[in-house]
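The values are calculated or read from the model by the stated rules, or taken from the named source; none is laboratory data. These numbers come from a predicted model, not from an experiment. Cβ: placed from backbone, ideal geometry, glycine included. Neighbour counts: every protein chain shown. Quick note on the areas: whole protein, heavy atoms, side chains included, nothing else; ligands and nucleic acids left out. Shrake-Rupley method; radii C 1.70, N 1.55, O 1.52, S 1.80 Å.
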Amino acid sequence: MPSRSSGAMKTIRDFSEARRAARPIVMLTAYDALMARLVVQAGADAILVGDSVAMVAHGLPSTVEATLEMMVLHTAAVRRGAGACLIVADMPFGSYRKGRHAAADAAGALIQAGANAVKLEGVDGHEEVIPHLVSGGIPVMGHLGLLPQSVNLLGGYRMQGVSPVAAAKIEADARRLEQLGAFAVVLECVPAGLAGAVTRAIDIPTIGIGAGPETSGQILVLTDVLGLDDRFRPRFARRYLDGHAAVLTALHAYVEDVRTVRFPEAQCDPASA
Ligand code: KIV
């Protein structure tokens with residue numbers, strides 16, 4: 001099928017231009033070349049190689065288990081499918097808490113694997129790391145609200161920024177990220193009103209996930225959009241396909257065809273395949 005749009009962003013400048021033009025920024029995660037190609041063909045603006053890959057593709061219990069090696073491998077695969085589309089790669093757990101030099105090494109490995117920018121969670125403790133990366137030529141996307149890498153501290157995945165104090169902290173952190181040089185901020189699982197207030201308070205784009213419609217753009221995990229996982233269904237994600245049922249129907253048909261010797265066809269000549 002031909003591409004529905006050639007709107008893939010190439011650089012982080014396209015992010016600020018979209019915000020200025022009030023054009024919603026569309027992001028999806030991807031973890032491999034084939035899915036990256038589909039995301040670009042669908043007309044998304046940018047791809048996140050999220051550390052959610054640890055859970056989605058590796059069956060691990062949380063994003064805390066994502067390693068730099070894993071993120072580099074998937075970033076390189078996504079780049080091979082994404083053409084020139086802007087790719088943001090997640091800095092894995094712990095990789096930006098060992099000082100700015102170690103953080104620059106980790107971020108550099110992701111950039112050399114094909115990312116155009118990196119994303120890291122929170123702001124406390126990263127005051128030196130973020131400007132160090134940015135001044136070294138590595139664009140940084142922030143991530144506030146629900147911080148999945150802090151699940152052991154948070155005790156679960158739940159809405160953040162609900163109390164006035166917590167909301168004020170998120171808004172203040174967004175301002176700090178902007179001052180430190182971040183080019184955009186993901187707002188995950190925060191009330192829509194807070195996401196709107198943060199979006200109006202800063203001059204860089206906000207990308208929402210479970211944060212309502214008032215952000216500069218949206219991101220969803222690709223497998224949630226495709227409905228591939230029958231056991232996990234985040235409330236805020238919209239399913240555009242019952243991918244789990246569709247894939248199972250196709251696979252059942254294949255299994256049945258082999259068992260009943262309807263595949264392969266007797267006359268099929270492998271040389272003409
Ligand atoms: O890892 C990921 O998929 C993410 C998104 C949920 C924003 O960080």
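By per-residue mean of other Cβ atoms within 10 Å, what is the highest-first order of 247-260, 174-187?
174-187, 247-260
Only Cα pairs within less than 10 Å get springs; with that Gaussian network setup on the chain, which residue of 230, 14, 45 has the largest fluctuation?
230
Could you tell me how many cubic angstrom of Cα convex hull volume segment 49-93 has per residue? Show your work: numbers first, answer last.
Details: hull volume 2.6 nm³, N = 45.
Normalising the Cα hull of segment 49-93 by residue number yields 58 Å³.
Whole Å is fine, so just give me how far the alpha carbon centre of segment 172-213 lies from that of segment 19-92.
Between the Cα centre of segment 172-213 and that of segment 19-92, the gap is 20 Å.
Report the Rg/Rh value for segment 119-204, based on alpha-carbon coordinates and the Kirkwood definition of Rh. Each step should come with its number before you reach the end.
Numbers: Rg = 12.6 Å, Rh = 13.0 Å.
Ratio of gyration radius to Kirkwood radius: 0.96.
Determine the share of segment 5-130's accessible area contributed by carbon and sulfur atoms, expressed in whole percent, with a 1.4 angstrom probe. Could you put the intermediate results ahead of the total?
On the way: 3060 of 5340 Å².
Within segment 5-130, the accessible surface is 57 percent carbon and sulfur.
Positive end of the charge dipole of segment 39-147 (Lys, Arg +1 and Asp, Glu -1 on Cβ, about the Cα centre): tell me which of 60, 82, 130 has its Cα farthest that way.
With unit charges placed on the Cβ atoms, the residue in question is 82.
Connecting C-alpha atoms closer than 10 Å in a GNM of the chain, tell me which of 32, 173, 229 has the biggest fluctuation.
For the chain, modelled as a Gaussian network with Cα springs under 10 Å, the answer is 229.
Under a cut-off of 13 Å between alpha-carbon atoms, report the aspartates and glutamates in cross-link reach of residue 10, not counting same-chain residues fewer than 8 places apart.
45
Can you sort 58, 74, 101 by 1.4 Å-probe accessible area, starting with the largest? Don't skip to the end; give the middle numbers.
Details: 58 85, 74 25, 101 120 Å².
Final ranking, largest accessible area leading: 101, 58, 74.
If every alpha-carbon in the chain counts as one equal scatterer, what log10 I(q)/I(0) does Debye give at q = 0.07, 0.11 1/Å?
The calculated log intensity ratios at q = 0.07, 0.11 Å⁻¹ are -0.27, -0.62.
Pop out the carbon and sulfur fraction of the accessible area of segment 161-255 as a percent, whole number, probe 1.4 Å.
Working: 2990 of 4880 Å².
Carbon-and-sulfur percentage of accessible area, whole number: 61.
Before I look further, what does segment 146-273 give for accessible area per residue, probe 1.4 Å, in whole square angstrom? Intermediate results must be reported in sequence, preceding the final value.
Working: 7680 Å² over 128 residues.
Per-residue accessible area for segment 146-273 comes out at 60 Å².
Excluding residues fewer than 8 places away in the same chain, name every one of the lysines whose C-alpha is closer than 30 Å to that of residue 169.
Partners within reach: 98, 119.
With a 10 Å cut-off between alpha carbons and a GNM built on the chain, which of 159, 71, 27 moves the most?
Evaluated over the chain, the most mobile residue of the options is 159.
What are the principal axis extents of the Cα atoms in segment 1-136, in Å, biggest first?
45, 37, 23
Stokes-Einstein diffusion coefficient for segment 154-273 at 25 °C in a medium of 0.890 mPa s, Rh from the Kirkwood formula over Cα pairs: what value in µm²/s? Don't skip to the answer; put the middle values down first.
Details: Rh = 17.7 Å.
Rounded to a whole number, D works out at 139 µm²/s.
Leaving out ligands and nucleic acids, note down the accessible area per residue over segment 1-134 with a 1.4 angstrom probe, in whole Å².
On the way: 6050 Å² over 134 residues.
Result: 45 Å² per residue.
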